[in-house]
Amino acid sequence: MPPKDPCQKQACEIQKCLQANNYMESKCQAVIRELRKCCARYPKGRSLVCSGFEKEEEEKLTLKPTSQ
């Protein structure tokens with residue numbers, strides 16, 4: 001059995017918040033911040049629920065605007 005995802009609790013809290021607020025992400029910023037904080041505490045790849053944030057960060061780095 002794989003080890004429990006360390007940020008699973010925060011991911012579930014986001015889902016509950018989104019459902020309770022008609023999927024308005026703006027109403028769930030506090031719980032989203034908590035998940036981001038949890039993800040920052042673990043090495044990349046340790047938490048499956050953090051993989052979306054990790055991909056988002058990689059894309060930001062890849063798409064940096066260049067000076068002309």
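The values are calculated or read from the model by the stated rules, or taken from the named source; none is laboratory data. All values derive from a computational prediction rather than experimental measurement. Every residue, glycine among them, receives a Cβ derived from its backbone with ideal geometry; neighbour counts consider all protein chains shown.
Looking across the stretch 21-56, just one residue is loosely packed, with under 12 Cβ neighbours inside 10 Å, small (Gly, Ala, Ser) and in a loop (DSSP other than H, G, I, E, B), and that is GLY45. Of everything listed in (1) of a type in the set (Lys, Arg); (2) at pLDDT 95 or above; (3) exposed (fewer than 11 other Cβ atoms within 10 Å of the Cβ), the single unmet condition for LYS60 is (2).
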